[in-house]
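Below is one structure, written out as structure tokens; the observations come after it.
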Amino acid sequence: MYILLVMILVIAVIGVIFGIQNTALVTLKLFSFKFESSLALILLIFLGIGIILTLIFSIPYYVKYKKKISFLKKKIKELETKNRELEETKKSLEESKKEIIQEEE
């Protein structure tokens, strides 16, 4: 947890340094839209957009794997129950075998 906090702090400090050093004005033009701002702000905006799009597109995979994990946990419980039943059956059969052998003697 502390490592994550330190990493976030380091990234924030690097972001501040980046913003201070890149104050040049940049003009973005798309069709008739024109936007002027500092290079750092524009880069951070597009970084944020990229992060948001990545999260949005990764949600289906996350949901898919959560369902798969849930299914596999359920399957493990079923198999453990079946294994216990088979162990009990095996034990019962071994006892029956011993009884039969003792009766024959």
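Each value in this text was obtained by applying a stated rule to the coordinates, not by laboratory testing. Remember, predicted model here, so these are calculated numbers, not experimental data. Virtual Cβ from ideal backbone geometry, glycine too; neighbours counted across all protein chains shown.
Values as computed for the structure displayed
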| quantity | calculated |
| --- | --- |
| 3J(HN,Hα) from dihedral phi, the stretch 71-87, Karplus parametrisation 6.51/-1.76/1.60, rounded to Hz, x for glycine, proline | 4, 5, 5, 5, 5, 4, 4, 4, 5, 5, 5, 4, 5, 4, 4, 5, 5 |
| Relative contact order (percent, whole number), the stretch 2-104, Cα cutoff 8 Å, 6+ residue spacing | 13 |
| Estimated [θ] at 222 nm from DSSP helical runs (n ≥ 4, -39500 (n - 2.57)) normalised by residues in the chain, nearest 500 | -30500 deg cm²/dmol |
| The stretch 2-104: Rg to Rh, with Rh as the Kirkwood radius over Cα pairs | 1.54 |
| Helix 2-21 vs. the chain, principal-axis angle (Cα, 0 to 90°, nearest 10) | 20 |
| Under-5 Å amide H pairs with Val26, H placed in peptide plane, nonlocal only | Ser37, Ser38, Leu39 |
| Projected label distance in nm at Ser92 and Tyr62, using a 7 Å step from Cα toward the beta-carbon | 4.8 |
